Amino acid sequence: MQATKTEVLSPDDAGISRAVAILRAGGLVAFPTETVYGLGGNARDDRAVARIFAAKGRPRFNPLIVHVADLGMAGRFAHLDERALKLAARFWPGPLTLVLPLRPDAGLSPLVTADLPSVAIRLPAHPVAQALLRAFGGPLAAPSANPSGRVSPTRATHVVEGLSGRIEAVLDGGACAVGVESTILGLEGARATLLRPGGIPAEAVEALTGPLDRPGPAGARPTAPGQLASHYAPGAALRMEASAPRPGEVMIGFGPVAGALNLSPSGDLVEAAANLFHFLREADHLAGAGGRIAVAPVPETGLGRAINDRLRRAAAPRP
Ligand code: TXA
Ligand code: MG
């Protein structure tokens, strides 16, 4: 789906049906949550998620929050231990996001999690978000619906100002009540970690969990998820800007530069982004232990910047 004109939809049955049809076709729909407007796409659809990054102009594949309709849906994508269930019972629906171990059978696009073994899950309280998630019946990846580097939108008009022509539609649910993003809590380790302060005060969470780990400002957010120790890096060595494979290398092509795999034969950066994590894994398997991967040049424009950022991390020397 290519966006042309951004439709403004009323938050009634007709608007929700239209939004669901767009999402099922791989399109993007911004929707109100109690915190800020989210830029929603089908979290199982690689292309839809790649288009979220393209629409925002994000230079990196930061992991995105997966929005769910209910606790049952959350359990299909993440492991919720007793502590997570207690927090969910107290704060969901509401502005608390839980980073939990990803289920191996989750079926989410690896672009949503930036290929991390964890997933951020949120059950929003806004009635329009809930109606949309119920009608869609599946997980929606949704970062804030603003171009990268701009302030988060709290009204449908803000979304249109920033993203008009880049997304298919926005559901107009009026002003957001909370106005700041959700609190993000990391629940992968034994201690709960405050990854981002937000709509639920940390003290309210601590009343249930006990003292939270609070990383300093530098570590407060994995703005560069590739720096996380747990981030997937291919076992094989990786060489960028390759015009042809050297002996023993598994070649990942792009556009006219051919390879055993090709990120996008037509040179489409959205398609390339959608394929990137899958192909890195596949090339890694093909290369085998101690193997080598070569990747064709990818232009440093639009989504190409995020693709090259990820490739540079994979190519960097590792301990
Ligand atoms: O209120 C909100 O949370 C809004 C509304 C739309 O729901 N959404 C939002 O999404 O703020 P976004 O993409 O702007 O923020 C997502 C942040 C990432 O930058 C990252 O810090 C964290 O969530 N995150 C997501 N997945 C993670 C993971 N697996 N591990 C650690 N942090 C993660
Ligand atoms: Mg944001």
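Summary table below
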{"quantity": "Qualifying residue in the range 117-134 (condition: within 22 Å of residue 56 (Cα to Cα) and among the basic types (Lys, Arg))", "calculated": "yes"}
{"quantity": "Complete set of residues in the range 9-39 that are touching a helix residue (DSSP H, G or I) at 6+ places or on another chain (Cβ under 7 Å) and within 29 Å of residue 301 (Cα to Cα)", "calculated": "23, 26, 28, 29, 30, 31, 37, 39"}
{"quantity": "When residues of the range 309-319 are limited to those that are in contact with a helix residue (DSSP H, G or I) (Cβ under 8 Å, 6 or more places away or on another chain) and of a type outside the set (A, V, I, L, M, F, W, C), the one modelled with the lowest pLDDT", "calculated": "313"}
{"quantity": "Output for the range 115-137, where each listed residue is outside any helix (DSSP H, G or I) and either more than 21 Å from residue 90 (Cα to Cα) or at pLDDT below 95 (or both)", "calculated": "115, 116, 117, 118, 137"}
{"quantity": "Candidate set from the range 262-308 (those that are free of Cβ contacts under 8 Å to residues at least 24 places away in the same chain and touching a helix residue (DSSP H, G or I) at 6+ places or on another chain (Cβ under 7 Å)); member that is nearest to residue 44 (Cα to Cα)", "calculated": "264"}
{"quantity": "When residues of the range 83-133 are limited to those that are of a type in the set (D, E, K, R) and over 17 Å from residue 36 (Cα atoms), the one surrounded by the fewest Cβ atoms within 10 Å (Cβ to Cβ)", "calculated": "105"}
{"quantity": "Yes/no for residue 277 being within 17 Å of the chain's Cα centre (by Cα) and buried (at least 19 other Cβ atoms within 10 Å of the Cβ)", "calculated": "yes"}
{"quantity": "Close pairs (6 angstrom Cβ cut-off, 6 or more residues apart or separate chains): closer than 20 Å to residue 87 by Cα in the range 173-184, assigned to a loop (DSSP other than H, G, I, E, B) and more than 14 Å from ligand 2 (Cβ to nearest atom) anywhere", "calculated": "178/34; 183/200"}
{"quantity": "Index of the failed condition, residue 146 passing every other in (1) within 16 Å of ligand 2 (Cβ to nearest atom); (2) over 16 Å from the mean Cα position of the chain (by Cα); (3) at negative phi", "calculated": "(2)"}
{"quantity": "Output for the range 2-50, where each listed residue is aliphatic (A, V, I, L, M) and within 16 Å of ligand 1 (Cβ to nearest atom)", "calculated": "19, 23, 28, 29, 30, 36, 39, 43, 48, 49, 50"}
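The values are calculated or read from the model by the stated rules, or taken from the named source; none is laboratory data. Owing to the predicted nature of the structure, the values given are computational and were not obtained by experimental measurement. Note: ideal-geometry Cβ built from the backbone for every residue, glycine included; neighbour counts use all protein chains shown.
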